[in-house]
Each structure stands twice: as C-alpha cells, then as structure tokens.
Amino acid sequence: MTATSANRLSAKLPSSLSRLADIALNYWWCWTPDMISLFQTISPDEWERCGHNPVALLETVSYERLTQLTCDPQYTGRLEVLADQFDRYTTSDSTWSSRVAPQITSEHPIAYFCAEFGIHESLPIYSGGLGILAGDHLKSASDLGVPLIGVGLLYRQGYFHQRLNRSGWQEDYYTDNPFERMPLELQTDEAGRPLTFELHVRHRSVTIQIWKAQVGRVNLYLLDTDREDNDPIDRWLTGHLYGGNQETRIAQEIVLGVGGVRALQTLGLEPSVYHLNEGHAAFCLLEVCRLDIEKTGKSFYDVEKAVRDRCVFTTHTPVPAGHDVFSADLMDSFFANYWDQLGLSREQFLALGARRLGDPWEPFGMTVLALRLCRSANGVSELHGKVSRKMWTVMYPDKSEDAVPIGYITNGVHAATWAAPLMQDLYSQYLGDDWATQAVDPATWANVDHIPDEELWKRHQILKQRLIAHTRYKIRQARQQRGEDGSTIEATERLLDPTSLTIGFARRFSPYKRGDLLLRDAERALKIFSNQERPVQIIFSGKAHPRDEEGKRIIQRVIEWCRNHGSVNDRVAFIEDYDMHTARKLVQGVDVWLNNPRRPLEASGTSGQKVCFNGGLNCSVLDGWWCEGYQEDANGKALNGWAIGEDANTSDQALQDRIDSESLYRLLEEDIVPLYYDRDADGIPHGWIRMMKGSLKTNCPAFNTHRMIADYVAQVYAPGTQTSLAVTLAKVPQQNSL
C-alpha cells in the first residue's frame with residue numbers, strides 16, 4: 001500500500017473512525033483479539049471474503065455502514081480505548097530491552113534476514129514452520145522492545161495453494177497477492193517516487209523496490225522485483241516462495257542476501273548485528289564484506305573478522321536436503337564479476353562455501369558460508385544443536401564433536417498470537433491480566449491449578465466445536481468445487497463429533513514426517529477409529545512440496561484409506577490448503593496433537609507448543625522440542641503428554657516405523673483413549689484435565705518466544721549482557737532466570 005493510498009484509506013473513513021486506518025496498517029492488530037473483533041464487527045461476511053485483511057475490508061465496506069458505526073457509542077468507545085492502547089504500545093520508551101540491553105539501539109538495530117515470514121494469513125509469504133517462527137520472532141521482539149528489523153522478499157504469488165482432485169491427488173495452483181490492498185506500504189522518496197536500488201543478477205541490472213510491513217514496533221522490509229522496468233524473467237524473481245529451479249533459487253537468494261544489505265543502505269539503516277535465520281540469506285555476508293572493503297580499502301581477509309563479529313546464524317534443519325548448495329558452474333554464472341570486488345580469486349571465493357577445502361568437486365554450501373563468516377551459530381533445540389555439531393564436524397577437523405561451535409536456543413511461540421481469545425480471557429481471570437507478558441514465569445502458570453476443571457473443560461469444548469465447524473465448512477467448500485454429488489456434500493454435516501476424542505495432525509507432508517504412520521496397520525487403526533463406545537477421530541492438514549511425489553502419495557493414501565473404510569468416513573477429515581487461519585483453529589481445538597517424524601529429523605517443531613497454550617496435549621516422538629518438554633513422574637508415568645516409541649535412533653527406517661507405530665497404537669488403546677473417557681457423573685474427565693494443567697504449567701513458561709528472544713539477546717545479539725527476562729519481566733527469583 002503506497003503512502004498515497006494510505007492517505008486515501010484514511011480519507012475514506014469518517015473522522016471518528018480514522019484511527020482504524022492507522023491500526024489496519026500495523027500487524028499489532030493480529031495479536032490483539034479486541035482489535036480483530038472491532039474489524040470483524042464492521043462486516044463479518046466481508047471480513048471472511050477478504051481473508052481477514054483489514055485494509056481490503058476498509059477499502060470495500062460501504063460508507064453507509066461506516067456512518068452507522070459512527071452512531072454507535074459502544075463501537076467508537078471501543079476504538080478510542082484500543083487506539084490509546086496502540087499508541088502507548090508503539091511509542092513507549094520504557095521496554096524490557098531498554099532496561100537490560102540499552103546497547104542495542106534503534107540507530108543500529110538487529111537486522112533479521114529470512115526467506116519467509118508468517119505474520120498472518122493476510123500476508124501469505126510463508127510456507128511453514130520457518131516462516132511462522134520468524135513471524136513470532138518479530139512479534140516478541142516488538143513486545144520486548146528489542147530494536148530489530150526484518151528483511152525478506154515480497155512474493156507476488158507466495159507459496160502455492162493446494163486442492164485435492166477426486167482421486168485424492170494434490171494439485172497446485174497460484175494466485176496473485178494484491179499488494180496495494182494489503183497492510184503494506186511502498187517506500188518512497190521525498191518526491192513520492194518508489195524508493196529503489198539496482199542489483200546485478202544474471203548479468204542484468206534489476207531494479208528492486210522496498211515495501212514495509214509494520215509488526216508492532218518492528219519494521220519488516222520486503223524486496224520486490226515485479227516492476228515494469230525489469231525484464232519479464234527478473235520480475236518473477238520474487239514471484240514464488242521456494243519455486244523454480246536451481247537458477248531461480250540462487251537468484252532469489254542473491255536478491256535476499258546481497259539485495260537485503262543494499263536495501264538497508266538505501267533506507268539509511270546500519271545494523272549492529274546481521275542475523276541470518278537459515279542459510280538462504282548467507283550471501284548477505286559477502287555483501288557486508290564488500291562494503292567494508294570498499295569503505296576501508298582493506299583486503300577481504302583484513303575485514304573478515306570485523307564482519308564475523310557482526311554476523312550470527314541460526315540453522316533450522318538436520319535434513320541434508322534442507323541445506324542449499326550450488327554447483328561451481330552456477331556460482332561462476334552468477335558471481336564471476338563479484339569475487340573481483342572482494343579481491344579474491346575464483347578458488348578463494350568458492351572455498352568460502354566448501355565443506356572440504358581443496359576438493360574441486362565440492363559444491364558451494366550456504367550453511368557452510370554462514371558457519372565460516374558468522375561469530376555465532378545455533379540450532380533450534382538442544383537435540384538439534386547436538387545433531388548439528390555432528391553434521392558439521394567435517395568443517396572442524398581439529399575439534400571434537402562436542403567442541404564444534406554450534407550451540408542451541410530452543411524455539412518458542414508467540415503466546416498472544418496462538419492462544420485462543422477464549423483461553424486468553426480465562427488466563428486473565430486466573431493468572432492475571434498481564435499473563436502474556438509474564439508468560440516466562442513458572443509462578444504465573446502455577447495458577448492454572450486455581451481454574452475449575454469444569455470451566456477449563458467447557459472452554460476447551462467450545463473451541464473444539466469451532467474447529468469442527470471450520471473443518472466442515474472447508475470440506476464442504478472443497479467438495480462443491482470438485483463438483484461432487486449432493487449427498488456427499490450434505491454428508492459434511494455429519495462429519496466429526498464434538499464429543500469425541502479429536503486428534504490433530506498438520507504439517508508439511510514430507511516422507512520423514514510420516515503423515516500416514518497411524519495407518520501403517522490398517523486393521524488396527526480401523527479398530528481404534530470405528531469404536532462406537534469410545535470414538536476417536538482425526539483431522540489432517542498440510543501440503544506436500546510441489547516436487548515431492550512421495551509426499552503427495554502419502555496424502556493420497558490417507559484419503560484412500562478413509563474412502564475404503566466406510567465406517568470411519570465421518571471420523572477422518574483432511575482440510576485442504578493449510579494456512580495460519582486453519583492452524584489457529586487446529587491448535588486451539590484439538591484434544592491431542594500428533595507428531596511422529598523419524599528421529600532425529602525434527603529440528604524443533606512449534607505447532608505442538610501452540611497446542612500447549614490452549615490446553616491441548618502432545619503425543620509425539622521424542623525429537624525436537626518435545627525432548628525438553630515431555631515429563632514423567634517418579635514412577636515413569638506421563639505428566640504432560642505422551643512419548644511415542646523409544647528414545648533411540650536407528651538407521652533402519654522400517655524398524656523405526658514398526659516400533660513407533662506399535663507404540664502409538666498402544667498409547668491410544670491403553671492410555672490416551674481410556675483417560676479421555678474416564679468421566680465423573682457430570683461428564684468431566686478430571687484425570688485428563690490434570691494432564692492439561694500439567695502441560696500448561698510445564699511447557700508454557702519455557703516454549704514461548706519471549707523466553708527465546710531473551711536468550712538471543714543474552715547469548716547472541718549482545719553476549720555477556722547480564723539480562724534476565726525472568727527477573728526484569730516476570731519478576732521471579734534469580735535462580736529461575738535465564
């Protein structure tokens with residue numbers, strides 16, 4: 001949205017509603033339930049049609065409707081209160097960061113680079129966990145007042161949309177994002193012209209413009225090559241997220257890394273720290289070196305240490321295919337004119353990305369480049385840190401595996417984004433109005449014991465009903481679009497039962513995530529799901545990468561299994577085109593969150609953490625964050641969820657699948673299902689609720705992004721800072737500090 005159209009949006013509104021325009025252009029509203037309600041109240045139907053985009057809503061709604069709202073003192077009063085809250089939030093100088101890390105300043109902020117950001121479904125430039133984590137990172141940085149800016153790409157068509165054909169096969173399609181009607185602002189110069197800079201890609205000059213999304217106190221700058229003055233091929237450099245071939249991928253990463261640094265220059269921003277969230281942005285390091293060489297006249301090796309001191313890196317995957325590598329020929333094609341600017345020979349330049357120095361067949365690795373030129377590297381869980389040290393020990397031949405310089409900071413989630421408003425209201429009553437800012441304090445969550453079982457259960461059941469209503473709506477819509485017969489469409493009204501034990505499984509359908517593990521023994525699964533006395537149901541959602549044929553087959557097998565067993569037709573559902581809106585419904589409404597990747601290939605995972613904030617329970621392989629979250633009592637009895645399989649790793653995938661599926665069936669049959677249906681005379685499952693409260697008390701203080709950001713400040717952004725989120729924010733004893 002340009003500054004001119006922002007003014008036009010405000011001008012369209014009656015004066016008493018003008019603040020709606022300011023707030024619509026700052027994603028603060030998306031983690032402020034009262035503000036979402038205020039937008040929704042304008043026109044619930046239009047709010048849904050425009051994909052929960054307040055800018056599009058205000059552009060579309062009639063002036064007559066807006067005038068009606070000006071005559072509603074309750075509505076204008078709510079807006080006035082929220083506008084005041086927004087102003088105090090965005091302008092306050094007294095923040096956690098200003099108190100504990102004043103050396104991080106807005107004049108020299110942290111620059112956080114990532115290929116995708118999941119802020120909200122109205123900004124669809126994310127594909128999955130990496131982007132959602134990045135979005136939550138920005139939100140907590142904003143809440144804590146950490147001077148941080150985001151740098152990414154603005155994709156014209158984002159990640160693909162998913163639909164299933166009648167055979168259950170995934171089909172991919174794309175739609176354009178209407179930037180001018182989204183909560184975005186095109187950056188302009190003093191004359192009102194788009195602020196641009198030039199970048200050489202594939203021996204052509206590409207003009208790049210910069211958009212800004214405001215995320216509370218944090219600005220997210222997004223680069224866009226879709227301009228009429230660019231070659232048609234170059235316009236599509238920012239067309240799709242993770243689309244195209246290797247040439248497209250390297251070109252995008254040049255735009256993100258090299259272009260991102262130049263964008264900050266163009267904006268007059270000089271970061272104190274460059275944080276690379278995954279290796280996609282590692283070319284940023286080369287550009288920082290080039291600028292230092294240009295500024296000082298020194299050699300590459302003379303500026304290398306100074307650059308390393310300003311750069312940090314987070315790796316997110318233990319899966320080798322998740323680490324981008326490019327052939328020497330491809331590097332020649334894109335960087336032949338670049339290494340001269342660094343004062344390096346071709347061999348010296350390529351060595352920066354080579355795992356094994358001196359091997360002429362080594363490809364150029366983005367993670368390798370990041371490890372070489374960053375002073376700090378971390379995985380995203382304790383186990384992932386260990387796996388990463390083993391994975392990259394080849395780069396440190398003089399060090400033992402334990403001494404490889406890769407640490408860990410376990411991921412978390414942004415509590416105010418993922419906890420349902422209905423649960424947030426409950427927490428405000430029993431944990432305190434400031435529960436979200438005190439979320440790192442175990443003492444805060446200890447108060448869940450004061451919540452009456454009946455009240456917690458009642459609210460959880462309401463959220464499950466909403467999830468089932470959403471599931472029915474989405475599946476009915478999909479069946480209509482496929483042109484299925486009327487009886488099949490009407491059958492969606494019988495799909496799922498709000499009183500039944502409901503399992504959720506939603507993630508990328510990649511073979512290692514084993515989306516069909518639960519169906520491995522078809523007859524045993526059928527026995528569980530067709531039980532009439534203690535019914536069990538499951539909701540699946542998620543996409544397979546367009547080029548992942550096996551992932552698509554897994555989805556198809558799930559659909560076929562359901563169709564081939566009529567007795568479970570109403571107990572197995574698949575929601576197509578997974579996005580953040582569906583994700584919220586799922587994590588807020590399920591009883592059990594299922595996660596069964598092949599260990600140790602889950603770096604962290606955060607969806608199960610979101611479930612915790614809503615009182616749901618995890619049933620997961622001991623991988624990623626769940627290794628740290630899962631707890632048992634002295635007798636080995638689960639306290640806050642369930643662990644699938646054994647705490648072991650085997651290279652025999654068939655054996656691991658057999659062990660884990662057997663363990664999962666046994667857990668469902670002997671522990672999970674009986675506990676869920678063990679009710680008192682009023683139908684309340686007190687044993688189950690005891691575990692819900694156990695999960696809230698043990699997991700919520702640890703697995704949130706406020707704690708995560710505090711760790712990044714203390715360990716990475718400003719190492720040595722005597723920062724304790726637990727003391728300065730949560731006000732708990734020093735021994736509980738981070």
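Open to solvent by 10 Å² or more (accessible area, probe 1.4 Å), charged (D, E, K, R) and either under 27 Å from Trp236 (Cα atoms) or at pLDDT 95 or above (or both) - does that describe any residue in the stretch 159-171?
Yes, because at least one residue in the stretch 159-171 is open to solvent by 10 Å² or more (accessible area, probe 1.4 Å), charged (D, E, K, R) and either under 27 Å from Trp236 (Cα atoms) or at pLDDT 95 or above (or both).
Quick check, is Thr471 touching a Gly at 6+ places or on another chain (Cβ under 8 Å), β-branched (Val, Ile, Thr) and either over 23 Å from Gly504 (Cα atoms) or not in a loop (DSSP other than H, G, I, E, B) (or both)?
Considered against the rule, which asks whether it is touching a Gly at 6+ places or on another chain (Cβ under 8 Å), β-branched (Val, Ile, Thr) and either over 23 Å from Gly504 (Cα atoms) or not in a loop (DSSP other than H, G, I, E, B) (or both), Thr471 comes out as no.
So in the stretch 66-88, with the set limited to residues that are out of contact with any helix residue (DSSP H, G or I) (no Cβ under 7 Å at 6 or more places or on another chain), over 19 Å from Asn26 (Cβ atoms) and not hydroxyl-bearing (Ser, Thr, Tyr), which one is least open to solvent (accessible area, probe 1.4 Å)?
Gly77
Considering only the stretch 429-461, how many residues are under 16 Å from Gln588 (Cβ atoms) and open to solvent by 50 Å² or more (accessible area, probe 1.4 Å)?
1
Within the stretch 600-611, can one find any residue that is among the charged types (D, E, K, R), open to solvent by 20 Å² or more (accessible area, probe 1.4 Å), within 29 Å of Arg389 (Cβ to Cβ) and not in a helix (DSSP H, G or I)?
No: zero hits.
I'd like the full set of residues that are under 15 Å from Ile528 (Cβ atoms), open to solvent by less than 20 Å² (accessible area, probe 1.4 Å) and outside any helix (DSSP H, G or I), limited to the stretch 643-692.
Ile644
Among the residues in the stretch 613-634, are any over 28 Å from the mean Cα position of the chain (by Cα) and of a type in the set (Gly, Ala, Ser)?
Checking the stretch 613-634: at least one residue is over 28 Å from the mean Cα position of the chain (by Cα) and of a type in the set (Gly, Ala, Ser).
Filter the stretch 6-31 down to residues that are in a loop (DSSP other than H, G, I, E, B) and surrounded by fewer than 21 Cβ atoms within 10 Å (Cβ to Cβ) and give me whichever is farthest from the chain's Cα centre (by Cα).
Result: Pro14.
Residues to consider are Gly150, Gly135; find the one that is in contact (Cβ under 8 Å) with a residue 12 or more places away in the chain and over 22 Å from Arg584 (Cα atoms).
Step by step, each of Gly150, Gly135 is checked, and only Gly150 is in contact (Cβ under 8 Å) with a residue 12 or more places away in the chain and over 22 Å from Arg584 (Cα atoms).
Consider only pairs whose beta carbons are under 8 Å apart and that are at least six residues apart or on different chains; among these, list those whose first residue lies in the stretch 328-354 and is surrounded by fewer than 18 Cβ atoms within 10 Å (Cβ to Cβ) and whose second residue is part of a loop (DSSP other than H, G, I, E, B) and charged (D, E, K, R).
Ser333/Arg202
Any residue that is touching a helix residue (DSSP H, G or I) at 6+ places or on another chain (Cβ under 8 Å) and closer than 30 Å to Pro546 by Cβ - is there at least one of those in the stretch 90-112?
Yes - at least one qualifying residue is present in the stretch 90-112.
Residues Phe313, Phe334: which one is aromatic (Phe, Trp, Tyr), part of a helix (DSSP H, G or I) and modelled with pLDDT of 95 or more?
Phe334
So which residues in the stretch 216-235 are charged (D, E, K, R) and either surrounded by fewer than 22 Cβ atoms within 10 Å (Cβ to Cβ) or under 24 Å from the mean Cα position of the chain (by Cα) (or both)?
Hits for the stretch 216-235 are Arg217, Asp224, Asp226, Arg227, Glu228, Asp229, Asp231, Arg235.
Among the residues in the stretch 35-49, are any in a helix (DSSP H, G or I), of a type in the set (Val, Ile, Thr), farther than 17 Å from Lys139 by Cα and open to solvent by 10 Å² or more (accessible area, probe 1.4 Å)?
yes
For Asn595, which of the numbered conditions (1) surrounded by fewer than 22 Cβ atoms within 10 Å (Cβ to Cβ); (2) at pLDDT 95 or above; (3) polar (S, T, N, Q) fails to hold?
In the conditions (1) surrounded by fewer than 22 Cβ atoms within 10 Å (Cβ to Cβ); (2) at pLDDT 95 or above; (3) polar (S, T, N, Q), Asn595 misses (1) alone.
Specify the residue that is most open to solvent (accessible area, probe 1.4 Å); the eligible residues are those in the stretch 517-530 that are over 10 Å from Val568 (Cβ atoms) and assigned to a loop (DSSP other than H, G, I, E, B).
Here the answer is Arg520.
Does the stretch 564-574 include one or more residues that are in a helix (DSSP H, G or I), in contact with a helix residue (DSSP H, G or I) (Cβ under 7 Å, 6 or more places away or on another chain), under 30 Å from Glu646 (Cβ atoms) and of a type in the set (A, V, I, L, M, F, W, C)?
yes
The values are calculated or read from the model by the stated rules, or taken from the named source; none is laboratory data. Everything numeric here is computed off the predicted structure, so don't read it as measured data. Here the Cβ is made from the backbone with ideal geometry for all residues, glycine too, and neighbour counts use every protein chain on show. Only protein heavy atoms, including side chains, enter the accessible area calculation; ligands, DNA and RNA are left aside. Shrake-Rupley method; radii C 1.70, N 1.55, O 1.52, S 1.80 Å.
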